Amino acid sequence: ERRVRGLTIERHFTRPGEDVWSTVQWERRTALILGDKGEEVFRQDDVEVPASWSQLAVNVVASKYFRGHLGSPERERSVRQLITRVAYTVADWGKKDGYFATEEDYLAFRDELTYLLLHQMAAFNSPVWFNVGLPDRPKPQCSACFINSVEDTMESILTLAKTEGMLFKFGSGTGTNLSTLRSSREHLQGGGTASGPVSF
C-alpha cells in the first residue's frame, strides 16, 4: 500500500462544495468610533459584516484591519474580503509548499479556517490581519511579539533601534534582553562610566 504524503484534513464545520459564506447572515453597517468629546475619529459606511458580530468587532475590523485608503475604491469594505485575503492566502501557501495530501484536503483546510474566522471561533493576531495577502508583502511579518538581543557595542545598540522601529511599523511589539549591557557603575575602555541599560 502506497502512503500518501501530506496532511489529511477532516471537516468538522463544513461540507464539500458548501458555500461557507452562506453559513452566516450578512448585513450592512456603519463602523463608527467617537472620541472623548463625541467627535468622529473613524467612520466607514456600508461595511458588510455577519449579523451576529458585535458593533465593537465591526469597529475594530474596519478601523484596524481593512486595507486600502479610506474612501478609495481599493479599500476593503467587507469581512468577506478580509477573511478571504488572509485565510485563502494561508491555505494557498500550504498548497504551494505541498502540505496537503490532496486537493480535497486543501479545500477542507481553507473552508474550515474560513468558518472558524467567520464565526469568531478563532482569530489571528494583529500582524496577520495587517500583513497577510497583500501583494507588496510576499513574505509578511506574522508574529506579534519579538524578544531582541543586543551586544554591548554602540553599533549593536543603534541597530537595535532600527530593528525595533521596523517591527513596530508592521504591527508587532518588542522586548529586549538588555542583560549583556554594562551597568552604569562599570567603567568604559576609553574612560568614564557606561550609561547602563536603563538609559537605552
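Points to keep in mind about this one:
- Selection within the range 17-37 - open to solvent by 50 Å² or more (accessible area, probe 1.4 Å), more than 20 Å from His69 (Cα to Cα) and either without any contact (Cβ under 8 Å) to a residue 12 or more places away in the chain or polar (S, T, N, Q) (or both): Gly17, Asp19, Ser22, Gln25, Asp36, Lys37
- Residue check, Ala57 crowded, with 18+ Cβ neighbours inside 10 Å and under 17 Å from the mean Cα position of the chain (by Cα): no
- Of all residue pairs spaced 6 or more apart or on separate chains, those with beta-carbon atoms under 8 Å, a first member in the range 159-171 that is over 11 Å from Phe146 (Cβ atoms) and touching a residue at least 12 places away in the same chain (Cβ under 8 Å) and a second member that is part of a helix (DSSP H, G or I) and of a type in the set (A, V, I, L, M, F, W, C) are Gly171/Phe130.
- Residue ID - least open to solvent (accessible area, probe 1.4 Å), chosen from residues in the range 160-193 that are part of a loop (DSSP other than H, G, I, E, B) and among the hydrophobic types (A, V, I, L, M, F, W, C): Leu181
The values are calculated or read from the model by the stated rules, or taken from the named source; none is laboratory data. This one's a predicted model, so the numbers in the text were calculated from it and none came from an experiment. All Cβ positions, glycine included, derive from the backbone under ideal geometry; neighbour counts span all protein chains shown. Ligands, DNA and RNA are stripped out before the accessible areas are found, and what is left, the full protein with its side chains, is counted by its heavy atoms. Shrake-Rupley method; radii C 1.70, N 1.55, O 1.52, S 1.80 Å.
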